[in-house]
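Engineer: Can you keep this structure in mind? I'll have questions shortly.
The values are calculated or read from the model by the stated rules, or taken from the named source; none is laboratory data. Everything numeric in this text was worked out from a predicted model, so none of it was measured. Cβ sites come from the backbone with ideal geometry, for glycine too, and all protein chains shown count toward neighbours.
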Amino acid sequence: MLKNYLYYTFEKLWQEREDAEETEKQQYIFMDESIACFNTGLYDKTWQPIYFYCIKNPLEGFQPWRFTTFYNSYTIKYSDLSTADVTALRRASYFSSPSDLIFDINLEITPQWNHILYEEENFLRIPEQLRANGKEFCQNLIDGAIRSVKKRIEANYKTIVPQLYRGKIQLLAPLYLTNPDTPDLALVLSLSEDKSVYYGHTCLTTEMAYNNARLIARPDSYWLQP
């Protein structure tokens, strides 16, 4: 999971670096002739930022950069990076407005049923004992779970968990199909371009949902835990 998190964090920072003005590029990923460094967005147990530090690989024919260690905001003074450059390093930015993370309870959810039910890989995520009753049964059950989860969201905004997909924020909502206390799936939601409806693109297992959500931050939700 950490490997995936670091990979996607680097990819996001690299894209932000590419889009930035020349004078700001080093604030996303610092690179010179000998070292490279970025802010992982993670913190150690004393809440100091953790930095990913690389050196130029001296060996010919190998990848150009070699990871050496993680530093925090104190130990990085032992590196070749100046304090000013460290302080300037930004965390990856995953949303432009806090409203991107809030579910509008007044909007309807339109599921993509063909994708959820008729693509085998996705259908197999539904618990086996439910699949045995057929697709129509599963559709009716999921439809009821969607109506129910809107009430949960209204009662507790932390029911909704954000995830990042192709550079855009999506929302995860739990679907309780077999047990009212333990969700079986997470419905992936995104807001339509005109902000009039949420599209339910697919259903993920809770393990998949946690891994996706963790790329942004540790989920602070009662239903999505490692």
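Engineer: Please determine, by comparing only the residues of the range 47-78 that are part of a loop (DSSP other than H, G, I, E, B), in contact (Cβ under 8 Å) with a residue 24 or more places away in the chain and touching a strand residue (DSSP E or B) at 6+ places or on another chain (Cβ under 9 Å), which one is farthest from Tyr5 (Cα to Cα). Write out each step before concluding.
Structural biologist: As a first pass, look at the range 47-78 and keep what is part of a loop (DSSP other than H, G, I, E, B): 47-48, 57-64, 73-74.
Restricting the remaining residues to those that are in contact (Cβ under 8 Å) with a residue 24 or more places away in the chain gives 48, 73-74.
Checking the rest, the ones that are also touching a strand residue (DSSP E or B) at 6+ places or on another chain (Cβ under 9 Å) come to 48, 73.
Values: Gln48: 18, Ser73: 20 Å.
Checked the range 47-78; the qualifying residue farthest from Tyr5 (Cα to Cα) is Ser73.
Engineer: Here is a follow-up. Condition (residue is of a type in the set (Phe, Trp, Tyr), without any contact (Cβ under 8 Å) to a residue 60 or more places away in the chain and surrounded by fewer than 19 Cβ atoms within 10 Å (Cβ to Cβ)) applied to the range 188-199: is it met by at least one residue? Even if it seems obvious, please write down each step before you answer.
Structural biologist: In the first step, residues of the range 188-199 are kept if they are of a type in the set (Phe, Trp, Tyr); the result is 198-199.
Now drop any that are not without any contact (Cβ under 8 Å) to a residue 60 or more places away in the chain, which leaves none.
No; the residues of the range 188-199 include none that is of a type in the set (Phe, Trp, Tyr), without any contact (Cβ under 8 Å) to a residue 60 or more places away in the chain and surrounded by fewer than 19 Cβ atoms within 10 Å (Cβ to Cβ).
Engineer: Shifting gears a bit: Go through the range 1-36 and give me each residue that's under 23 Å from Ala217 (Cβ atoms), outside any helix (DSSP H, G or I) and aliphatic (A, V, I, L, M).
Structural biologist: Residues satisfying the conditions are Met1, Ala20, Ile29.
Engineer: When you scan the range 201-210, do you find a residue that is farther than 21 Å from Asn106 by Cα, acidic (Asp, Glu), assigned to a helix (DSSP H, G or I) and at pLDDT 90 or above, even just one?
Structural biologist: Looking for residues that are farther than 21 Å from Asn106 by Cα, acidic (Asp, Glu), assigned to a helix (DSSP H, G or I) and at pLDDT 90 or above, one finds at least one in the range 201-210, hence yes.
Engineer: Go through the residues of the range 68-82 one by one and say whether even a single one is within 30 Å of Leu42 (Cα to Cα), aliphatic (A, V, I, L, M) and assigned by TED's automatic domain parsing to the domain that holds Arg17. Show your work before the answer.
Structural biologist: Looking only at the range 68-82, we keep the residues that are within 30 Å of Leu42 (Cα to Cα), and these are 68-82.
Retained after the next criterion (residues that are aliphatic (A, V, I, L, M)): 76, 81.
Right, trim to assigned by TED's automatic domain parsing to the domain that holds Arg17 and you get 76, 81.
So far as the range 68-82 goes, yes, one or more of its residues are within 30 Å of Leu42 (Cα to Cα), aliphatic (A, V, I, L, M) and assigned by TED's automatic domain parsing to the domain that holds Arg17.
Engineer: Are any of the residues in the range 123-142 buried (at least 18 other Cβ atoms within 10 Å of the Cβ) and at pLDDT below 95?
Structural biologist: no
Engineer: Are there helices (runs of 4 or more DSSP H) fully within the range 79-165 with at least 2 residues that are free of Cβ contacts under 8 Å to residues at least 12 places away in the same chain and over 24 Å from Ile216 (Cα atoms)? List them. Write out each step before concluding.
Structural biologist: Numbers: elements: 83-88, 113-118, 120-123, 128-131, 135-155.
Result: 83-88, 120-123, 128-131, 135-155.
Engineer: Tell me, please, whether a residue that is assigned by TED's automatic domain parsing to the domain that holds Ile169, within 13 Å of the chain's Cα centre (by Cα), aliphatic (A, V, I, L, M) and not in a strand (DSSP E or B) can be found in the range 186-193.
Structural biologist: No, every residue in the range 186-193 fails to be assigned by TED's automatic domain parsing to the domain that holds Ile169, within 13 Å of the chain's Cα centre (by Cα), aliphatic (A, V, I, L, M) and not in a strand (DSSP E or B).
Engineer: For the subset of the range 208-225 comprising residues that are within 12 Å of Leu172 (Cα to Cα) and of a type in the set (A, V, I, L, M), which member is surrounded by the most Cβ atoms within 10 Å (Cβ to Cβ)?
Structural biologist: So the residue we want is Ala209.
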